[in-house]
Amino acid sequence: MHLIDGPSGRSLIRMPLGPGFRFIHRADLIAELERTARAEGVEILLGCHVDRVDAGRLIADGREMAFDHLVGADGARGAARRFVAPDHFSRFTGQVAWRTLVPAPDDWPLEAQVHVGPGRHLVLYPLREGRLLNIVAVEERSDWVAEGWSQRDDPANLRAAFDGYAPFIRELLARVETVHLWGLMDHGAVPAWHRNGVTLIGDAAHPTLPFLAQGANLALEDAWTLAHALDDPTAWEAARRPRVERALMAARANAANYHLSGPRKTLAHLVLRLVAGVAPGAMLKRYDWLYDHDVTA
Ligand SMILES: Cc1cc2nc3c(=O)[nH]c(=O)nc-3n(C[C@H](O)[C@H](O)[C@H](O)COP(=O)(O)OP(=O)(O)OC[C@H]3O[C@@H](n4cnc5c(N)ncnc54)[C@H](O)[C@@H]3O)c2cc1C
């Protein structure tokens, strides 16, 4: 991972993430999961909307289905989440995020770059053998933007937010043709992930802020570990919760670290450049608990 001062374009520190770290397009990951699940004999109903979940039964597209145990992986606004945690609410973080893909410039390095700056930052990483570049750009704002997956925005707004950034970033953003915008909500982990035969995993149980790139990983870890603990979801939650909450807190902290300004920014960048000169891997050491943890071991 490469931290760069956004306005000047100056490198702060490059931290080697190691061979286990991979970049994958969301659609490719979902396609791979679907292929593997079908090969294992799982029946998948696409385009089916779950209207309501109750103890032992759900209503989907007007049809009632009974279950002994339901795993709810339907995100922060799904029916399973409403059943398990009906009173759990989120708060607007004062941050919005744009997401888009552009063709990657030639010779883009196989690394994630975080371009930091006062009140905003921008994350870039390559996808699909380096042909595409994923852009996630975050800006602090007081007005609220609807949380969802499909709110379009004018790319001019994204360009305006980063017009104080280095020429390389401005040129990259000039290539953006379509962009989506999210209001970032802090939900925290819901108080209990299990109720009357319904167990929540992934964003349904604990949506994270996208400042550590761990939301999908945590969801996959949940699925793997719960599959081995279906007979005791309460014990599963007790074992899982400390790691998940630590990741949520680390993601929250990154937002503040990326948006420093004034003397704190000057000092932090000085320290980063010093560490970069002597032990670039040292900064990542504080994430050993995250990256060195293997739920399949
Ligand atoms: C701007 C942004 C950037 C991010 N970047 C990263 C990143 O780089 N790396 C990373 O790991 N994570 C990232 N995340 C987080 C990641 O997207 C989520 O943590 C992850 O998608 C959670 O997966 P999930 O399966 O639990 O929930 P979701 O991906 O929300 O999937 C829930 C599914 O349930 C379906 N559903 C919901 N309600 C119903 C219903 N009533 N009936 C039927 N189906 C329903 C939805 O259509 C959806 O398909 C980012 C998030 C945001 C907002």
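The values are calculated or read from the model by the stated rules, or taken from the named source; none is laboratory data. Only a predicted model underlies this, so the values are computations on that prediction, with no experimental measurement involved. Glycine also receives a Cβ, built like all others from the backbone with ideal geometry; neighbour counts cover every protein chain displayed. Ligands, DNA and RNA are stripped out before the accessible areas are found, and what is left, the full protein with its side chains, is counted by its heavy atoms. Shrake-Rupley method; radii C 1.70, N 1.55, O 1.52, S 1.80 Å.
For the reader, a short list of remarks on this structure follows.
- The range 95-108 - residue that is in contact (Cβ under 8 Å) with a residue 40 or more places away in the chain and away from the ligand (no atom under 15 Å from the Cβ) and, of those, most open to solvent (accessible area, probe 1.4 Å): 103
- Strands (runs of 3 or more DSSP E) wholly inside the range 42-125 containing at least 3 residues that are within 18 Å of the chain's Cα centre (by Cα) and within 30 Å of residue 15 (Cβ to Cβ): 91-103, 113-117
- Residue within the range 170-179 that is under 18 Å from residue 9 (Cα atoms), open to solvent by 40 Å² or more (accessible area, probe 1.4 Å) and of a type outside the set (A, V, I, L, M, F, W, C) present: yes
- Checking the stated criteria, residue 242 turns out to be modelled with pLDDT of 95 or more, surrounded by fewer than 21 Cβ atoms within 10 Å (Cβ to Cβ) and either within 9 Å of the ligand (Cβ to nearest atom) or more than 16 Å from the chain's Cα centre (by Cα) (or both).
- Top-ranked residue of the range 61-74 - restricted to ones that are of a type in the set (Gly, Ala, Ser) and modelled with pLDDT of 95 or more, ranked as surrounded by the most Cβ atoms within 10 Å (Cβ to Cβ): 72
- All positions within the range 43-56 that are of a type outside the set (Gly, Ala, Ser) and either near the ligand (Cβ under 9 Å from one of its atoms) or surrounded by 10 or more Cβ atoms within 10 Å (Cβ to Cβ) (or both): 48, 49, 50, 51, 52, 53, 54
- Just one of the listed residues (13, 59, 30) is within 12 Å of the ligand (Cβ to nearest atom), farther than 30 Å from residue 143 by Cβ, β-branched (Val, Ile, Thr) and not assigned by TED's automatic domain parsing to the domain that holds residue 217, namely 30.
- Residue tally, condition surrounded by fewer than 21 Cβ atoms within 10 Å (Cβ to Cβ) and within 9 Å of the ligand (Cβ to nearest atom), over the range 191-202: 0
- So residue 35, is it assigned by TED's automatic domain parsing to the domain that holds residue 122, without any contact (Cβ under 8 Å) to a residue 40 or more places away in the chain and not hydrophobic (A, V, I, L, M, F, W, C): no
- Scanning the range 150-174 for residues that are within 22 Å of the chain's Cα centre (by Cα) and either in a loop (DSSP other than H, G, I, E, B) or of a type in the set (S, T, N, Q) (or both) gives 150, 151, 162.
Residue-by-condition table, conditions (1) more than 19 Å from residue 140 (Cα to Cα); (2) more than 9 Å from the ligand (Cβ to nearest atom); (3) surrounded by fewer than 18 Cβ atoms within 10 Å (Cβ to Cβ):
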{"position": "168", "(1), (2), (3)": "yes, yes, yes"}
{"position": "189", "(1), (2), (3)": "yes, yes, no"}
{"position": "218", "(1), (2), (3)": "yes, no, no"}
{"position": "227", "(1), (2), (3)": "yes, yes, yes"}
{"position": "259", "(1), (2), (3)": "no, yes, no"}
